[in-house]
Amino acid sequence: MNPIRIAKNWISYRRTMNELGNLSNQALSDIGLTRYDIRHIAARSFR
């Protein structure tokens, strides 16, 4: 994997973590997620 792709994936990971982390517990529940799920969802964008 080249360094540019790694950097882009990392940015996507952090963006996803930030966006989901800013949601309230109620909003996360409405979309079927918990705080525990955030890291797993974001990790998909880092692969």
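The values are calculated or read from the model by the stated rules, or taken from the named source; none is laboratory data. Every value quoted in this text rests on a predicted model; they were computed, and no experiment measured them. Cβ: placed from backbone, ideal geometry, glycine included. Neighbour counts: every protein chain shown. In case anyone asks, the SASA skips ligands and DNA or RNA and just uses the protein heavy atoms, side chains included. Shrake-Rupley method; radii C 1.70, N 1.55, O 1.52, S 1.80 Å.
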Efficiency by 1/(1 + (r/R0)^6): what FRET value for residue 7 and residue 30, r their Cβ-Cβ distance, R0 = 30 Å, to the nearest 0.05?
0.40
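Relative contact order for the stretch 3-45 using alpha-carbon pairs under 8 Å, separation at least 6, rounded to a whole percent? If you can, show how the numbers build up before the last one.
Numbers: 21 pairs, mean separation 21.8, N = 43.
Relative CO of the stretch 3-45 lands at 51 percent.
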How big is the accessible area of residue 37 in square angstrom, nearest 10, if you roll a 1.4 angstrom probe over the protein chains?
50
Equivalent ellipsoid, the chain (semi-axes from 5 times Cα gyration tensor eigenvalues, Å):
24, 9, 6
How large is ³J(HN,Hα), in whole Hz, for each residue of the stretch 18-35 in order, when computed from phi with the Karplus curve 6.51 cos²θ - 1.76 cosθ + 1.60 and θ = phi - 60°, using x for Gly and Pro?
5, 5, 5, x, 7, 6, 6, 4, 5, 5, 4, 4, 4, 9, x, 10, 10, 4
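Determine, for each peptide in 10-16, 20-26, the mean count of other beta carbons within 10 angstrom over its residues, then list the peptides with the highest first. Mind showing how you got there, number by number?
Values: 10-16: 14.1, 20-26: 11.1.
Answer by packing, highest mean first, reads 10-16, 20-26.
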